[in-house]
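Below you'll find the structure, written out as structure tokens, and then a few comments.
All of the numbers you see were taken from the coordinates with simple rules; none came from a lab. Model, not experiment: these values are computed from the prediction. When we count neighbours, we look across all protein chains shown, and the Cβ atoms used for this are built from the backbone with ideal geometry, even at glycine.
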Amino acid sequence: MIIKVLLLVVFFAVMLFIGFTCRKNSTDVNGFVLGGRSVGPWVSAFAYGTSYFSAVIFVGYAGQFGWKYGIAATWVGIGNAIIGSLMAWSVLGRRTRIMTQHLNSATMPQFFASRFGGSSLKIAASVITFIFLIPYTASLYNGLSRLFGMAFNIDYSVCVVVMAVLTGIYVIAGGYMATAINDFIQGIIMLFGISAVVISVLNSQGGFLASLDGLARISDESVSITPGIFASFFGPDPLNLLGVVILTSLGTWGLPQMVQKFYAIKSERAISKGTIVSTFFAFVVAGGCYFLGGFGRLFSDRIDIAANGYDSVVPAMLSGLPDILIAVVVVLVLSASMSTLSSLVLTSSSTLTLDLLKGHIIKKMDEKKQILIMRCLIVVFVAVSVIIAIIQYKQNVTFIAQLMGVSWGALAGAFLAPFLYGLYWKGTSKAGVWCSFIFSTVVMLANMLVRPSFPNLLQSPINAGSFCMIAGLVIVPLVSLFTKKPDKALVDSAFACYNKEVMVHQSTSLSDEENIA
């Protein structure tokens, strides 16, 4: 217990120290929200990865999908690395950085307003962002409670409040730069922590080959009658597994708190290096989490899914580890959760302040006032999410995956296609953007309220969210082709940023000055 407490004290002290050290970087809006657009590749990549993976992944998704699909759940981690990290950085990174700076937009709603014209899109996007980030934030605490209960026997409410307060302090003090540097440290903890945990858990079952053999011997006729199905390549339900891969991988392309990481990148070289680092991080952390969860059924003697839900799978797998490893796991999940929470509260507060309050509700707002309001809203957002998390826990609503599915489905479904097409296609119309916003928001709200009315495949919030993302990619160009064309001057002005000539090193581009026969 002394080791566990000592590690936590050191961890929290470092986070707070960095927060107060970074105060000098958060004196204006650009510094507070984007770190002055001067964040290097390693910090950017780790900020992206740690915002991506939280207790929702480690406890909720890894446990649920590892139990359902066995070792095939590892495909989710691979998809997160290739689609959610490598392709996201390659497709979105440069263009996002260039156009958002050109349009002087610090948030995704600001981008929509500047790129497509009018403040109505900005207001709608900011409302959608705020509403659907709340259930996601509440789900972070839920996953954390399971592990803290196992390691410390601390009341859930105390655990939630302490984590929320400490995260709020360093975000309020240091803004984006404090969040990014803390994410870097937390990311290193996550890399080493997940590696140690996977090795230890498999060793407790006789090693990898023995664990795989044990998994192949397990059968569950309610899932599949095929022998060894949980140790197979695609598992018992490839179609629903694909839905999880799409939601958790493609979803990052449309999440405001993820895309905003590209706004702050320092340079071209930082994007190239950040792509590699971010992909490696995702392979290790996401791949490790889902790979670990795939062996959950080996611990079925400790798990009662009917009574405790899927969120109990991973804590049960870890309960037999040595105390020092339990301490590492607690710090690992704290790192994952606090990094994601800090990203969410900063995104939400900046979106509300810059996109909803400024110029609409509060007509005159100088830089100092904007930063003050953002800091106040961080407190409000943290408090609301804590209250929801505690109420949810008391009423025994513990399905993390469903909360995250609704949140990611609505946000990414609404924003992914308009943002992607907005960066690449001049023909994207405002009507197409509105249709994407409305379609995904309505579908995900309906999925929450009248789920039994949906077709069987789409009753799952995860599949419904994946459907919204794919549908948006079709809806936006289709509606754009048959509605009023966008204003040519506005579009040309936005895309002018890509035509600017820049000097580059010969290592980046070959010179054509010397013609060799």
**Request:** Convert 25 °C to kelvin, take the viscosity as 0.890 mPa s, use the Kirkwood radius over C-alpha pairs of the stretch 160-203 as Rh, and evaluate the Stokes-Einstein diffusion coefficient in µm²/s, rounded to a whole number.
**Result:** 204 µm²/s
**Request:** Give, as a single signed number, the net charge of other residues whose beta carbon lies under 14 Å from the beta carbon of Glu367, with Lys and Arg counted +1 and Asp and Glu -1.
**Result:** +3
**Fill in**
Unit-weight point scatterers at every alpha-carbon of the stretch 238-291, Debye formula, q = 0.12, 0.22 1/Å: log10 I(q)/I(0) is -0.36, -1.00
**Request:** Specify, per residue and in Å³, the volume enclosed by the convex hull of the alpha carbon atoms belonging to the stretch 156-274.
**Result:** 200 Å³
**Prompt:** What's the long-distance tail for the stretch 69-218, i.e. % of Cα pairs beyond 23 Å?
**Reply:** 63 percent
**Prompt:** For the residues Thr351, Thr107, what sequence is obtained by ranking on other C-beta atoms within 10 Å, fewest first?
**Reply:** Thr107, Thr351
**Asked** If you wrap a convex hull around the C-alpha atoms of the stretch 43-142 and split its volume per residue, what is the figure in Å³?
**Response** 126 Å³
**Fill in**
Here the equivalent ellipsoid of the stretch 324-370, derived from its Cα gyration tensor, has semi-axes (largest first, whole Å) of 38, 9, 5
**Prompt:** Say the dipole of the stretch 28-129 comes from +1 at the beta carbon of Lys and Arg and -1 at that of Asp and Glu; which of Gln101, Ile57, Ser126 then lies farthest toward its positive end?
**Reply:** Gln101
**Message:** I'd like to compare 248-257, 268-277: which one has the highest average count of other Cβ atoms within 10 Å, and what's the full order after that?
**Reply:** 248-257, 268-277
**Item:** Principal axis box of the stretch 423-488, alpha-carbon based, largest edge first, Å
**Value:** 45, 17, 17
**Message:** Given Cβ point charges of +1 (Lys, Arg) and -1 (Asp, Glu) and nothing else, what value in debye, to the nearest 20, does the dipole of the chain about its Cα centre take?
**Reply:** 1380 debye
**For the stretch 257-370, convex hull volume per residue from C-alpha positions, Å³** = 179 Å³
**Prompt:** What's the Kirkwood radius of the stretch 288-353 in Å, using all Cα pairs?
**Reply:** 14.0 Å
**Fill in**
Given 25 °C, 0.890 mPa s and a Kirkwood radius over Cα pairs, the Stokes-Einstein diffusion coefficient of the chain in µm²/s is 105 µm²/s
